[in-house]
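A.B. asks: Here's a structure for you.
The values are calculated or read from the model by the stated rules, or taken from the named source; none is laboratory data. Since this is a predicted model, take the numbers as computed values, not measurements. Here the Cβ positions follow ideal geometry from the backbone for every residue, glycine too, while neighbour counts run over all protein chains shown.
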Amino acid sequence: MTPRPQPSHHVAVAGVAVRDDGRVLVVQRRDNGRWEAPGGVLELDETFEAGVRREVAEETGVTVEVERLTGVYKNLTRGVVALVYRCRPVAGEPHPTDESQRVEWWTADQVRARMAPAFAIRILDALDTNSVASRAHDGVHLTAR
């Protein structure tokens with residue numbers, strides 16, 4: 001019997017920074033041109049919250065206060081598990097960085113209209129619920145539970 005290969009997963013974090021007017025901070029990634037909440041791979045020596053603060057600052061120039069976990073999302077195609085946190089912006093002006101070609105404040109309607117469903121849902125879950133969502137996707141679309 002041939003042994004099964006061990007699964008390989010990466011852990012990522014993302015921050016959904018929400019202003020008082022309800023707009024959320026989004027980035028257009030330089031590597032693939034997609035619009036998403038700022039985030040990336042968690043480093044080995046950092047906590048989830050520290051990773052969120054670092055990733056949001058690196059991709060937007062904005063400092064955030066992490067409020068709460070809003071969802072856990074798995075990209076079944078790439079083996080990435082992302083923990084998404086709702087945040088509050090506390091300092092800095094958004095601007096493009098080495099990782100983001102554009103940084104903007106969007107409404108929920110803009111998120112629904114302009115983002116791939118697998119990434120829009122992360123923001124919508126952070127805006128719409130007080131519970132923690134658990135979802136899977138193929139990199140673009142949500143999959144059945």
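A.B. asks: Quick check on the stretch 96-112. Is at least one of its residues outside any loop (DSSP other than H, G, I, E, B) and surrounded by fewer than 14 Cβ atoms within 10 Å (Cβ to Cβ)?
C.D. replies: Looking for residues that are outside any loop (DSSP other than H, G, I, E, B) and surrounded by fewer than 14 Cβ atoms within 10 Å (Cβ to Cβ), one finds at least one in the stretch 96-112, hence yes.
A.B. asks: Looking only at the stretch 21-47, filter to residues that are of a type in the set (A, V, I, L, M) and over 16 Å from Leu69 (Cβ atoms); which one of those is surrounded by the fewest Cβ atoms within 10 Å (Cβ to Cβ)? I'd like the intermediate steps shown before the answer.
C.D. replies: To start, the set of residues in the stretch 21-47 that are of a type in the set (A, V, I, L, M) comprises 24-27, 37, 41-42, 44.
Now restrict to residues that are over 16 Å from Leu69 (Cβ atoms): 24-27, 41, 44.
Details: Val24: 24, Leu25: 24, Val26: 27, Val27: 24, Val41: 13, Leu44: 6.
Among them, the one singled out is Leu44.
A.B. asks: Mind listing whichever residues of the stretch 48-70 are in contact with a Leu (Cβ under 8 Å, 6 or more places away or on another chain), touching a residue at least 40 places away in the same chain (Cβ under 8 Å) and either buried (at least 21 other Cβ atoms within 10 Å of the Cβ) or within 16 Å of Glu36 (Cβ to Cβ) (or both)?
C.D. replies: Val56, Thr60, Val62
A.B. asks: Out of (1) of a type in the set (D, E, K, R); (2) out of contact with any strand residue (DSSP E or B) (no Cβ under 6 Å at 6 or more places or on another chain); (3) in a helix (DSSP H, G or I), the odd one out for Glu49 is which?
C.D. replies: Of (1) of a type in the set (D, E, K, R); (2) out of contact with any strand residue (DSSP E or B) (no Cβ under 6 Å at 6 or more places or on another chain); (3) in a helix (DSSP H, G or I), only one is false for Glu49: (2).
A.B. asks: Looking at Leu44 and the list (1) among the hydrophobic types (A, V, I, L, M, F, W, C); (2) in contact (Cβ under 8 Å) with a residue 24 or more places away in the chain; (3) assigned to a loop (DSSP other than H, G, I, E, B), which single condition is not satisfied?
C.D. replies: (2)
A.B. asks: Something else about it: Which one is nearest to Ala144 (Cα to Cα), of the residues in the stretch 57-91 that are part of a helix (DSSP H, G or I) and in contact with an Asp or Glu (Cβ under 7 Å, 6 or more places away or on another chain)?
C.D. replies: Narrowing the stretch 57-91 to residues part of a helix (DSSP H, G or I): 57-60.
Checking which are in contact with an Asp or Glu (Cβ under 7 Å, 6 or more places away or on another chain) leaves us with 58-59.
Working: Glu58: 33, Glu59: 31 Å.
Only one residue tops the list, namely Glu59.
A.B. asks: When you look at Val24, is it more than 18 Å from Leu124 (Cβ to Cβ), among the hydrophobic types (A, V, I, L, M, F, W, C) and at pLDDT 95 or above, yes or no?
C.D. replies: Working: more than 18 Å from Leu124 (Cβ to Cβ): no; among the hydrophobic types (A, V, I, L, M, F, W, C): yes; at pLDDT 95 or above: yes.
It is false that Val24 is more than 18 Å from Leu124 (Cβ to Cβ), among the hydrophobic types (A, V, I, L, M, F, W, C) and at pLDDT 95 or above.
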